[in-house]
Amino acid sequence: MNNQTKKFFIYTRKSTDDKDRQVRSIADQLSELKELALKEQLEIVDVFVEKQTAKIPGRPIFDEMLKRLEADEAVGILAWHPLC
């Protein structure tokens with residue numbers, strides 16, 4: 001893997017709707033994902049944090065991250081999966 005292929009974004013999200021629905025806080029997600037990046041020797045280009053209800057369409061921070069991904073600023077996204 002060359003340096004370019006090791007560049008990733010971190011994306012964390014927590015709904016403002018239902019605090020019980022997603023058990024991991026933003027801080028917990030971020031900590032776990034940074035630990036994974038360190039273990040796998042991945043460079044984190046930027047961290048995106050989104051806190052909003054899923055009832056309202058659109059996620060501007062997620063959309064910005066995708067645009068930057070398409071511009072080849074990173075090759076992938078690290079995100080916490082609720083089933084892990």
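How many residues does the range 37-48 hold that are exposed (fewer than 14 other Cβ atoms within 10 Å of the Cβ) and either of a type outside the set (Asp, Glu) or over 22 Å from Lys6 (Cβ atoms) (or both)?
To start, the set of residues in the range 37-48 that are exposed (fewer than 14 other Cβ atoms within 10 Å of the Cβ) comprises 38-41, 43.
The next check asks that each one be either of a type outside the set (Asp, Glu) or over 22 Å from Lys6 (Cβ atoms) (or both); those that pass are 38-39, 41.
Final tally of qualifying residues: 3.
Does Leu33 satisfy the criteria of being modelled with pLDDT of 95 or more, of a type in the set (A, V, I, L, M, F, W, C) and touching a Lys or Arg at 6+ places or on another chain (Cβ under 6 Å)? Can you show your working first?
Values: modelled with pLDDT of 95 or more: yes; of a type in the set (A, V, I, L, M, F, W, C): yes; touching a Lys or Arg at 6+ places or on another chain (Cβ under 6 Å): no.
For Leu33, the condition - modelled with pLDDT of 95 or more, of a type in the set (A, V, I, L, M, F, W, C) and touching a Lys or Arg at 6+ places or on another chain (Cβ under 6 Å) - is not met.
The values are calculated or read from the model by the stated rules, or taken from the named source; none is laboratory data. Computed from a prediction, not measured in an experiment: that's the story for all the values here. In this analysis, Cβ positions are derived from the backbone assuming ideal geometry, glycine residues included, and neighbour counts consider all displayed protein chains.
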